[in-house]
Amino acid sequence: QVHLVESGGGLVQPGGSLKLSCAPSGTFFAIGDRGWYRQSPGKERELVAGISLDGWTNYGSSIEGRFTVSLDNANNGVYLHMTALKPEDTAVYYCYSDIQLTEWDADDRYWGQGTQVTVSS
């Protein structure tokens, strides 16, 4: 069984920075696209950033160049480096990875357990 393990959330002041990490545990055949979504109370889950194996990235419209998504090639993981954080960035952040369990399986999207990011003075 594969699980995505997230780390790096916490409390940060407005204007501060935070780096989230996510990596899979367990055995699998292949891993592809990865990225991050977030969800605030009363709001729908929204895309933060995604990255493909060849490094193509896309970002949610509210990110405005403040965040950077990158691959953790050593651990088949993904990072999210967040800068210039605003109170409205407060949310639970969920990583995802498209994983092929065996060579006979199609890709499935796996999700992390979520990590809380709170931006407040």
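The values are calculated or read from the model by the stated rules, or taken from the named source; none is laboratory data. Given the structure is predicted, the values throughout are model-derived calculations rather than measurements. Heads up, the Cβs are rebuilt from the backbone with ideal geometry, glycines too, and the neighbour counts pull from every protein chain shown. Note: accessible area is taken over every heavy atom of the protein model, side chains too, but ligands, DNA and RNA are not part of it. Shrake-Rupley method; radii C 1.70, N 1.55, O 1.52, S 1.80 Å.
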Would you mind telling me which numbered condition in (1) open to solvent by 40 Å² or more (accessible area, probe 1.4 Å); (2) out of contact with any Ser or Thr (no Cβ under 7 Å at 6 or more places or on another chain); (3) modelled with pLDDT of 95 or more residue 33 fails? (2)
For segment 78-94, check the following and say yes or no: at least one residue is within 12 Å of residue 23 (Cβ to Cβ) and over 10 Å from the mean Cα position of the chain (by Cα). no
Single condition residue 116 does not satisfy, out of (1) exposed (fewer than 14 other Cβ atoms within 10 Å of the Cβ); (2) part of a loop (DSSP other than H, G, I, E, B): (2)
Do we have residue 91 as open to solvent by less than 20 Å² (accessible area, probe 1.4 Å) and in contact (Cβ under 8 Å) with a residue 12 or more places away in the chain here? yes
Kindly evaluate residue 58 against the criterion of being open to solvent by 30 Å² or more (accessible area, probe 1.4 Å), modelled with pLDDT of 95 or more and on the phi > 0 side of the Ramachandran plot. no
Quick check, is residue 52 within 11 Å of the chain's Cα centre (by Cα), farther than 30 Å from residue 121 by Cα and surrounded by 14 or more Cβ atoms within 10 Å (Cβ to Cβ)? no
